[in-house]
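Asker: Mind looking over this structure? Questions follow.
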Amino acid sequence: MSNNIMSEQYPTLAQCALVAAAFKILLFPAYKSTDFEVHRNWLAITNSLPLSQWYYEKTSEWTLDYPPFFAYFEWTLSHIARLVDTAMVRIHNLDYDSWQTIYFQRTSVIVTEVMLVYALQLFMETSPLQSRRAAHVVALSIILSPGLLIIDHIHFQYNGFMYGILVWSLVLARCKTTLLSSGLIFAALLCFKHIYLYLAPAYFVFLLRTYCLSAKSIFRPRIFNCIKLGGGIAGILGAAFGPFVFTEQMPQMLSRLFPFSRGLCHAYWAPNVWAMYSFTDRVLIHLAPRLGLTLKEDALSSVTRGLVGDTAFAVLPEITPRTCLILTLFFQILPLLKLFSKPTWENFIGAVTLCGYASFLFGWHVHEKAILLVIIPFSLVALRDRRHFGAFKPLAVAGHVSLFPLLFTPAEFPIKTIYTIFWLVLFLMIFERMAPASKKPRFFLLDRFSTLYIAVSIPLIAYTSLLHQIVFGKRYEFLPLMFTSSYAAIGVFGSWVGYMVVYFTA
Amino acid sequence: MAAPSPSTRKPRRKGKKIDEDIDRVIRTREETLVRTPSFPLAAFLWPARSSSSQWEVLPLILMVVGLFRWAAGLWGYSGFEKPPMYGDYEAQRHWMEITTRLPMSQWYFHDLEWWGLDYPPLTAYHSWVLGKIGTLINPDWFALFTSRGSQDPNLKIFMRATVIVSEYLIYVPAAVVFARRYGRLTGVSIWTATVGLVAILMQPGTILIDHVHFQYNTVMLGLVMACMSSLLAERYKWSAVFFVGALMFKQMALYYAFTIFAYLLGRCTFPKVNFSRLFGIALVTAITYGVLVLPLVAGTIYDTYRGVGSRPDLDGPPPPLPILAGLTEYIDTGSFYYPVVEMVVQVLHRVFPFSRGLFEDKVANFWCALNVVLKIKNYPTELLQKAALVATLLAIVPPNIIIFFRPRKATMPLAFAATAWGFFLFSWQVHEKSVLLPLMPMTLLLAGRQGLNRDIRSWVGFANILGAWTMFPLLKRVDLRVPYAVLTLLWSYLLGLPPTSWNVYTDEGFGGWSQVGTATLHTLFYVAMAAWHVAEAYVAPPLHKPDLWTVANVGVGFAGFGLCYLWCLWRLLKDSDLLPSYATKTKTQ
């Protein structure tokens, strides 16, 4: 393509967002998970109860367990919701899903996604001229992401809005003059959804080094900046939590926000280290007699093995939350050291990505949806050169394939698979053409791994979605799930190792 | 732009050079000399301009188009939760039931009150294949009697999948081949033809009727498209095969029959009479008919041989034939071939329902519009039948005479469209869904020469949006307002048409008074359509005229479709170089 850089790129972000929105409206009658009822219940709670009872209310099992800004957000929405259908905002109206409710809730997801469109537009505009074409492609890949489509527009959540705020904050960190707003927006994001705490260490180190400490010497703090940032964050936290401190709900709220009683693996195994660990354990059960290992009987008899939450290991040692925390922190600190010594924006995005990776791979009770925490920041730098792209490729495949079990109804099967294949073919093809050659030599092993990995996905999808049913029928239902999550775990893990290498050698 | 007769034009090699036509799709901004796409669909395919191979872009297009179809299919279908009779969905399902569960001789006789089979044999075979596959998955879906009105959500998924698979086996390949061939013949680049192809595949009418409302029109339309494609390739015998297939799938394909006949006859007559070609085509047509009827005949003979009657519920001598009752004077009702005669007559009787009224429900054609002024039901049926015949003939004779004397490849779709409009507007027993028939060849123009320029794009867009709009009352009955709005607006947005943009009328500068006239006329109609939607949604019709909005829809629809007919006829006349003034004008340009 011989376009000069000055010309606008086609299709534009707005055009893509518009056509995607049309598709999303057509998906209104699609399957929706319990998250739909969760959010309806929150509309009802915030609309019909005084603030002092929001975090105590428990008529529905889906109690309010997001931080206050999200509650305020639901409160705002509920004013419109009441006009659309009053029955929607009644607390005792459990599992209510009239057409009006579906129209309203699904539309609110589409409309709030405008935040993401705005943030990506800003990302394109602030990109340096020579990488603007790449930024454009990256922005399109995020707005058309199958992850957001599956999680937000079918399964039901507000990730488009949340990641919009995150990308906005990440983009503002690019420029010295907007560092403060970047930090404050991130603080506000934490008050929307606390899962972003996983990325907070990178923000802390980056803002500390670039904003609070002098660029010339790390021993000279910039007091005025510290006061501005500290005061700003205190103000935001005050706005968020103040009313709840005032109504004495804080301990109750915290117990809702951080429920430590959950198991190591979520209902469907997220593709992380613990999925591989469980898989190994499962294989070892059969090898144990030959290897002379002892089996823990109580774990063997557990009927729910492989399917539901509390995983007990038969051969391998148990994993405690403390182990998870230590591993997570350790692998977060490694990239942060480099960020501290070289606080460039690219390193910052890299560190955010690696913080996401570490918490996803080693965290306790990780949800597969959290993979977006890695994919979206990584997308922003995936086109820096071929080495970055090489590490990104298996993540793009694994991360999205691992979301497939979220939708298990036959009507949505063609949508999730064909849309994901479409996205992978289109964007991996374009990325392949656009990623510039790296100045550093590429890693032969990593390249081969990517190619082989993508090739394996085809028979795997065929097996899990079709062959397994034909061969086994309803038996061994955990097998396809286990294969999917182990396969995806290898991909995420491999891409993490690959990116760690790229990050530290860049 | 002197237009040499396209038939003498050699097919161009692909991607040889970007011709002048591409300039119209790409608007050149004088001041910066930067080219930009002039409507969103061109923008979406923008990065593919330089791609040398269509095979990279085509799979992606087919995936996206398929996704939109499947997502639209998540909505309800005709007759969903509407007992006692349900709707077209139940009809199609029921045919799968009777073809897989009953002996062949009973297919056209079984309980006619409950969606009796009234499509030609190829539909019956198609239903049989789908029914057999469905039975493998779940036999209850097509169990005799007990499955009637089934609302099983998995059955819905299966049925939706059968529509998509049928379409991807017939309509989609035909459209791909047609767009490429037509584009190449009329000298447009592959990229431009691909833009046209996407516009054809995203046509709101077909998606709404087949994938939302539920029918298999694309099978018939696809076969006709394959026939047209074969005509372009000068494979006349194949075109006969495809057309007979279309006709044997859905009798509605008769709308095109005159044009195919006139075009083929023209091709066999000019420049010199070619009897062997004519004879070959006739022979192939007859053989195809025979082959397609053969299974039904063989099945009936076999059933007679093993003593299975066509109507096990009746005792005594065979009942009189429903039509052509005089035949029994020459044929012995006891003879071995009588069941075959009875079956053939029954098929004809079922497929061509002359006994029914002039039109069904409210449809935007002449008779229904006239009904507002004169109460047509008061006139004798025979008179009306004759009037319909005469009016239809008057409407279809001009385009067919033109295509007979000037059988050109480039103007062929126009003749198809004009004839189908004639039928739609004036013939007997027209359905609102039949508007898909004239729309199909008209939309194909988008893939041809200047197809994406102002004139053709605005008229094809107008016809399609008006067509979708006249189907709104049908779609509203089963709460399909949302997919209607989304698919129609999306298509108009992609092609830069009203109501999302009026650029199509102003894009290429001032183009004379005809352009101003077109823009004004179209704008009037678009405003009327929008106003109608507002009125229909918020204003209750007066008590003594409960059908007011539907009648208004019919009136506006008829006027608009009448204009589309005239436009097709005018373009055909102009592009056939039959007008002396235009012929000289184009030469001096």
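The values are calculated or read from the model by the stated rules, or taken from the named source; none is laboratory data. Just so it is clear, the model here is predicted, and its values are computed rather than measured. In this analysis, Cβ positions are derived from the backbone assuming ideal geometry, glycine residues included, and neighbour counts consider all displayed protein chains. Only protein heavy atoms, including side chains, enter the accessible area calculation; ligands, DNA and RNA are left aside. Shrake-Rupley method; radii C 1.70, N 1.55, O 1.52, S 1.80 Å.
Asker: If a residue has to be within 13 Å of chain B (Cβ to nearest Cβ) and assigned to a helix (DSSP H, G or I) to count, how many in the range A:400-415 make the cut? Give the steps one after another, and end with the answer.
Answerer: Going through the range A:400-415, the residues within 13 Å of chain B (Cβ to nearest Cβ) turn out to be A:407, A:409-415.
The next check asks that each one be assigned to a helix (DSSP H, G or I); those that pass are A:410-415.
So the answer is 6.
Asker: Residues of the range B:90-138 being among the acidic types (Asp, Glu) and touching a residue at least 40 places away in the same chain (Cβ under 8 Å), which ones?
Answerer: Passing the criteria: B:GLU90, B:GLU97, B:ASP118.
Asker: Considering only the range A:18-56, how many residues are more than 14 Å from chain B (Cβ to nearest Cβ), open to solvent by 30 Å² or more (accessible area, probe 1.4 Å) and under 16 Å from A:LEU407 (Cβ atoms)?
Answerer: The total comes to 1.
Asker: In addition: Scan the range B:139-158 and report the pairs whose first residue is more than 14 Å from chain A (Cβ to nearest Cβ) and whose second residue is in a helix (DSSP H, G or I) and open to solvent by 70 Å² or more (accessible area, probe 1.4 Å), with Cβ atoms within less than 7 Å and a gap of 6+ or a chain change.
Answerer: Qualifying pairs under 7 Å: B:PHE142/B:ARG101; B:LEU144/B:ARG101; B:SER147/B:ASP140.
Asker: Residues to consider are B:PRO59, B:PRO47; find the one that is within 12 Å of another protein chain (Cβ to nearest Cβ) and surrounded by fewer than 18 Cβ atoms within 10 Å (Cβ to Cβ).
Answerer: The conditions single out B:PRO59.
Asker: Those residues that are in a helix (DSSP H, G or I) and open to solvent by less than 70 Å² (accessible area, probe 1.4 Å), I need them from the range A:434-448; list them, please.
Answerer: Those that are in a helix (DSSP H, G or I) and open to solvent by less than 70 Å² (accessible area, probe 1.4 Å): A:MET434, A:LEU446, A:ASP447.
Asker: Another question, if that's okay. Starting from residues that are open to solvent by 10 Å² or more (accessible area, probe 1.4 Å) and not hydrophobic (A, V, I, L, M, F, W, C), keep the ones in the range A:413-427 and report whichever is modelled with the highest pLDDT.
Answerer: Per the stated criteria, the residue is A:TYR419.
Asker: Sticking with this structure for a sec: Of the residues that sit in the range A:262-275 and are part of a helix (DSSP H, G or I) and touching a Phe, Trp or Tyr at 6+ places or on another chain (Cβ under 7 Å), which one is modelled with the lowest pLDDT?
Answerer: Ranking the candidates gives A:ALA275 first.
Asker: A further question follows. Would you point out which residue out of A:THR464, A:THR451 is open to solvent by less than 60 Å² (accessible area, probe 1.4 Å) and assigned to a helix (DSSP H, G or I)?
Answerer: So the residue among A:THR464, A:THR451 that is open to solvent by less than 60 Å² (accessible area, probe 1.4 Å) and assigned to a helix (DSSP H, G or I) is A:THR464.
Asker: Of the conditions (1) at pLDDT 80 or above; (2) outside any helix (DSSP H, G or I), B:THR304 fails just one. Which one is it?
Answerer: So the condition that B:THR304 fails would be (2).
Asker: Now for a different question. Give me the residue from the range B:497-514 that is part of a helix (DSSP H, G or I) and in contact with a helix residue (DSSP H, G or I) (Cβ under 7 Å, 6 or more places away or on another chain) and, out of that set, farthest from A:SER98 (Cα to Cα).
Answerer: Going through the qualifying residues, I end up with B:TYR505.
Per-residue answers, yes or no, for (1) of a type in the set (Val, Ile, Thr); (2) more than 30 Å from B:GLY66 (Cβ to Cβ); (3) part of a helix (DSSP H, G or I):
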| site | (1), (2), (3) |
| --- | --- |
| B:VAL212 | yes, no, yes |
| B:MET228 | no, no, yes |
| B:TRP238 | no, no, yes |
| B:LEU247 | no, no, yes |
| B:LEU264 | no, yes, yes |
| B:LEU283 | no, yes, yes |
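Asker: Just one of A:PHE431, A:PHE378 is under 21 Å from A:VAL501 (Cβ atoms), part of a helix (DSSP H, G or I) and within 14 Å of another protein chain (Cβ to nearest Cβ); which is it?
Answerer: The unique qualifying residue is A:PHE431.
Asker: In addition: Among what's in the range B:62-76 and is assigned to a helix (DSSP H, G or I) and more than 7 Å from chain A (Cβ to nearest Cβ), pick the residue that is surrounded by the fewest Cβ atoms within 10 Å (Cβ to Cβ). Even if it seems obvious, please write down each step before you answer.
Answerer: To start, the set of residues in the range B:62-76 that are assigned to a helix (DSSP H, G or I) comprises B:62-73.
Filter once more, keeping what is more than 7 Å from chain A (Cβ to nearest Cβ): B:62, B:65, B:69, B:73.
Working: B:LEU62: 18, B:VAL65: 20, B:ARG69: 25, B:GLY73: 26.
Looking at residues that are assigned to a helix (DSSP H, G or I) and more than 7 Å from chain A (Cβ to nearest Cβ), I get B:LEU62.
Asker: From B:LEU466, B:LEU452, B:LEU494, grab the single residue that is touching a helix residue (DSSP H, G or I) at 6+ places or on another chain (Cβ under 7 Å), within 14 Å of chain A (Cβ to nearest Cβ) and in contact (Cβ under 8 Å) with a residue 24 or more places away in the chain. Before the answer, list the steps.
Answerer: Details: B:LEU466 fails: within 14 Å of chain A (Cβ to nearest Cβ); B:LEU452 fails: within 14 Å of chain A (Cβ to nearest Cβ).
Of the residues listed, the single one that is touching a helix residue (DSSP H, G or I) at 6+ places or on another chain (Cβ under 7 Å), within 14 Å of chain A (Cβ to nearest Cβ) and in contact (Cβ under 8 Å) with a residue 24 or more places away in the chain is B:LEU494.
Asker: Identify the single condition in (1) of a type outside the set (Asp, Glu); (2) away from chain B (no Cβ under 14 Å); (3) open to solvent by less than 30 Å² (accessible area, probe 1.4 Å) that A:VAL111 does not satisfy, given that it satisfies every other one.
Answerer: The one condition A:VAL111 does not meet is (3).
Asker: Identify all residues within the range B:469-490 that are facing another protein chain (nearest Cβ under 9 Å) and modelled with pLDDT of 95 or more; write none if there are none. Full working, then the answer.
Answerer: We begin by selecting, within the range B:469-490, every residue facing another protein chain (nearest Cβ under 9 Å); these are B:479, B:482-483, B:485-487, B:489-490.
Within the range B:469-490, B:VAL482, B:PRO483, B:ALA485, B:VAL486, B:LEU487, B:LEU489, B:LEU490 qualify.
Asker: Filter the range A:73-89 down to the residues that are closer than 10 Å to A:ASN47 by Cβ and crowded, with 16+ Cβ neighbours inside 10 Å and list them by number.
Answerer: Hits for the range A:73-89 are A:GLU74, A:TRP75, A:LEU77, A:SER78, A:ALA81, A:ARG82, A:MET88, A:VAL89.
Asker: Would you call A:ILE430 free of Cβ contacts under 8 Å to residues at least 40 places away in the same chain, out of contact with any Pro (no Cβ under 7 Å at 6 or more places or on another chain) and surrounded by fewer than 20 Cβ atoms within 10 Å (Cβ to Cβ)?
Answerer: Considered against the rule, which asks whether it is free of Cβ contacts under 8 Å to residues at least 40 places away in the same chain, out of contact with any Pro (no Cβ under 7 Å at 6 or more places or on another chain) and surrounded by fewer than 20 Cβ atoms within 10 Å (Cβ to Cβ), A:ILE430 comes out as no.
Asker: A:PHE104: touching a residue at least 24 places away in the same chain (Cβ under 8 Å), closer than 23 Å to A:TYR163 by Cβ and open to solvent by 20 Å² or more (accessible area, probe 1.4 Å), yes or no?
Answerer: Values: touching a residue at least 24 places away in the same chain (Cβ under 8 Å): yes; closer than 23 Å to A:TYR163 by Cβ: yes; open to solvent by 20 Å² or more (accessible area, probe 1.4 Å): yes.
Here the answer is yes, as A:PHE104 does meet what is asked.
Asker: Oh, and also: Let me confirm something: among B:LEU466, B:LEU487, which residue is in a helix (DSSP H, G or I) and farther than 19 Å from B:HIS522 by Cα?
Answerer: B:LEU487
Asker: Please find, among A:GLU74, A:GLU57, the residue that is outside the structural domain of A:SER379 (by TED's automatic domain parsing) and over 20 Å from A:GLN157 (Cβ atoms). Before the answer, list the steps.
Answerer: On the way: A:GLU74 fails: over 20 Å from A:GLN157 (Cβ atoms).
From the options A:GLU74, A:GLU57, the qualifying one is A:GLU57.
Asker: Any residue at all in the range A:340-363 that's open to solvent by 40 Å² or more (accessible area, probe 1.4 Å), assigned to a helix (DSSP H, G or I) and either under 23 Å from A:LEU327 (Cβ atoms) or among the small types (Gly, Ala, Ser) (or both)?
Answerer: Within the range A:340-363, one or more residues are open to solvent by 40 Å² or more (accessible area, probe 1.4 Å), assigned to a helix (DSSP H, G or I) and either under 23 Å from A:LEU327 (Cβ atoms) or among the small types (Gly, Ala, Ser) (or both).
Asker: What are the residues in the range B:237-276 that are in contact (Cβ under 8 Å) with a residue 12 or more places away in the chain and more than 21 Å from the chain's Cα centre (by Cα), if any?
Answerer: B:LYS237, B:LEU265, B:GLY266, B:ARG267, B:CYS268, B:THR269, B:PHE270, listed by residue number.
Residues are listed down the side, and each one gets a yes or a no for (1) assigned to a loop (DSSP other than H, G, I, E, B); (2) surrounded by fewer than 18 Cβ atoms within 10 Å (Cβ to Cβ):
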site	(1), (2)
B:LEU521	no, yes
B:ALA530	no, yes
B:LEU543	yes, yes
B:ASN553	no, no
B:VAL556	no, no
B:CYS568	no, no
B:LYS574	no, yes
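Asker: Inspect all residues belonging to the range B:148-165 and state whether any of them is touching a Leu at 6+ places or on another chain (Cβ under 7 Å) and open to solvent by less than 20 Å² (accessible area, probe 1.4 Å).
Answerer: Yes.
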